[in-house]
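None of the figures in this text is laboratory data; all of them are computed from the coordinates on show. No experiment lies behind these values; they were computed from the predicted model shown. Please note: Cβ atoms are built from the backbone with ideal geometry, for glycine as well, and neighbour counts cover all protein chains shown.
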Amino acid sequence: MLYVTIALFALAVGLFALHLFWAKARGWVWKAVAVLGGAMLPAGAYFGLSWAPSEQDMGEVYRIIFVHVPMVWAALLALVVNFVASAAYLFKRSWTSDSLGEAGAEVGVVFGVVGLLLGSIWGRPTWGVWWDWDPRLTTTAIMLVLYTGYLALRKFVDDPEKRATWSAVVGVIAAVDLPIVWFSVRWWKSIHQVQSNPKTIDRSMFVVLVFNVVAFMCALFVYLWHRFLIAKAARAREVALPSALPPAGPQEAA
Amino acid sequence: MTPGARNRFILAVALLVAAGALAFIAFGDIGKNLVYYWSPSEMLAQGERAFGPTIRLGGVVQPGSVEWSAQKTSVKFRVADSHKSESASVVVHCEQTPPQMFREGIGVVVEGTLDKSQVFKSKRLMVNHSNEYRPPKEGEKPADWKGSVSEAAEQK
């Protein structure tokens with residue numbers, strides 16, 4: 001199981017790298033990732049629900065870790081993509097980075113909301129409450145409000161160029177909250193536990209967690225890529241609009 | 001200024017603002033003013049100021065201090081700074097059915113008020129789980145959370 005997981009992890013990373021650095025492969029890499037993720041997600045659910053042992057204090061309820069953690073990590077990663085794309089846009093204007101920023105923020109908010117709900121479902125039986133204003137939960141809620149604001153701003157601005165610039169500024173500033181979310185459990189006292197590491201998780205549970213993280217990263221990749229293509233197509237239509245009419249005259253025939 | 005240069009200027013300003021805000025939150029004193037909970041010794045150090053307002057108190061349930069009421073509808077225990085027996089502690093009287101993981105020695109956060117008799121009255125009790133996940137030891141059964149949840153529901 002451990003070696004299989006390491007191999008799948010390497011395969012996924014290899015595919016991501018191929019997509020990033022070899023533009024010609026972008027037509028098919030996402031399909032391979034989709035097949036990999038599509039096979040790993042149900043397998044991960046099986047391993048998480050039945051293969052991994054129960055936990056001594058929490059019994060079966062701890063199994064939600066296998067979706068809660070990958071889901072929130074995916075959200076944070078998507079929002080980091082938004083930050084990089086926002087900074088890249090301000091550094092050098094391009095519709096590619098603007099579209100990638102839009103995709104990162106939207107996918108990040110969706111994954112973040114689901115991750116937060118899963119955490120709440122976990123909190124009720126273990127902590128005894130659905131929600132409390134502890135540093136980790138509060139900073140995560142702020143993060144979701146910030147990026148919802150980012151998406152709302154994009155809807156309100158019609159001029160594509162102004163929208164790209166303004167939202168990129170928001171993307172750079174909002175990213176302040178990402179490290180705060182991550183370190184909140186270390187900087188301040190909280191009810192949320194600090195990050196686990198291989199030493200604090202039993203081997204059999206850790207392997208299943210990594211397996212699920214790989215599966216969720218594949219899902220995140222496919223989701224991000226398609227949201228990016230949609231944003232890019234929308235941009236192409238907007239920007240070309242005034243000159244999209246076919247040029248009159250004899251050039252058309254040629 | 002060309003639009004490109006203007007954007008790079010904006011980027012530099014935005015990054016500075018972001019880095020400044022992050023440094024302020026990470027290294028500033030915000031942690032001293034915004035606390036999620038007080039430990040028993042921190043609360044006792046406040047003296048009279050701790051009487052009255054709703055506060056959160058966090059620590060570990062002192063082993064040997066848990067006393068249930070006859071119907072198990074309320075529970076009294078001492079919350080201590082740490083597992084050491086001589087560490088500062090406060091008596092907590094809680095009217096809520098505790099979550100199933102509640103037991104002696106576990107970490108808790110209680111929300112409520114401290115009265116003049118040094119008893120902390122609480123209606124909200126939370127148990128915190130560490131970042132350790134272990135399977136049950138040989139021959140031990142894992143905790144049955146479903147059983148204790150339905151038990152708690154029957155008590156209400």
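Points to keep in mind about this one:
- Label-zone membership for region A:60-96, site residue A:11, 7 angstrom Cα→C-beta point, backbone N under 18 Å: none
- Mean Cβ neighbour count within 10 Å, used as a protection proxy, ranking A:38-46, B:92-100, B:34-42 highest first: B:92-100, B:34-42, A:38-46
- Screening chain A for whole DSSP H helices with an alpha carbon extent of at least 24 angstrom along the helix axis and a mean Kyte-Doolittle hydropathy of at least 0.0 yields A:2-21, A:29-46, A:65-91, A:95-126, A:135-156, A:203-240.
- Extending 7 Å from the Cα toward the beta-carbon at both residue A:94 and residue A:238 defines two label points whose distance is 1.8 nm.
- Counting neighbouring beta carbons within 10 Å and listing from fewest to most, the residues A:19, B:129, B:83 come out as B:83, A:19, B:129.
- Estimated 222 nm signal from helices in chain A, with DSSP H stretches of n ≥ 4 weighted -39500 (n - 2.57), rounded to 500: -25500 deg cm²/dmol
- In chain B, helices alone account for a calculated mean residue ellipticity at 222 nm of -9000 deg cm²/dmol, with every DSSP H run of four or more residues adding -39,500 (n - 2.57).
- Model label sites at residue A:162 and residue B:10, defined 7 Å from Cα along the beta-carbon direction, differ in position by 1.1 nm.
- Acute angle (nearest 10 degrees) that the helix B:145-155 long axis makes with the longest principal axis of chain B, alpha-carbon atoms: 70 degrees
- Table column - 3J(HN,Hα) (Hz), region B:34-51, Karplus curve with 6.51, -1.76, 1.60, x for Gly and Pro: 10, 10, 6, 8, 9, 7, x, 5, 5, 5, 5, 5, 6, x, 5, 4, 7, 6
- Order by protection proxy (mean Cβ within 10 Å, highest first), peptides B:10-19, A:139-148: A:139-148, B:10-19
- Here residue A:25 and residue A:229 are evaluated by their C-beta separation; at R0 = 25 Å the FRET efficiency comes out at 0.95.
- Cβ neighbours within 10 Å from other chains - mean over B:122-130: 5
- 10 Å Cβ neighbours from other chains, averaged over peptide A:117-127: 3
- Taking the C-alpha atoms only, the angle from helix B:3-27 to the longest principal axis of chain B is near 30 degrees.
- For A:173-183, mean number of other protein chain Cβ atoms within 10 Å: 3
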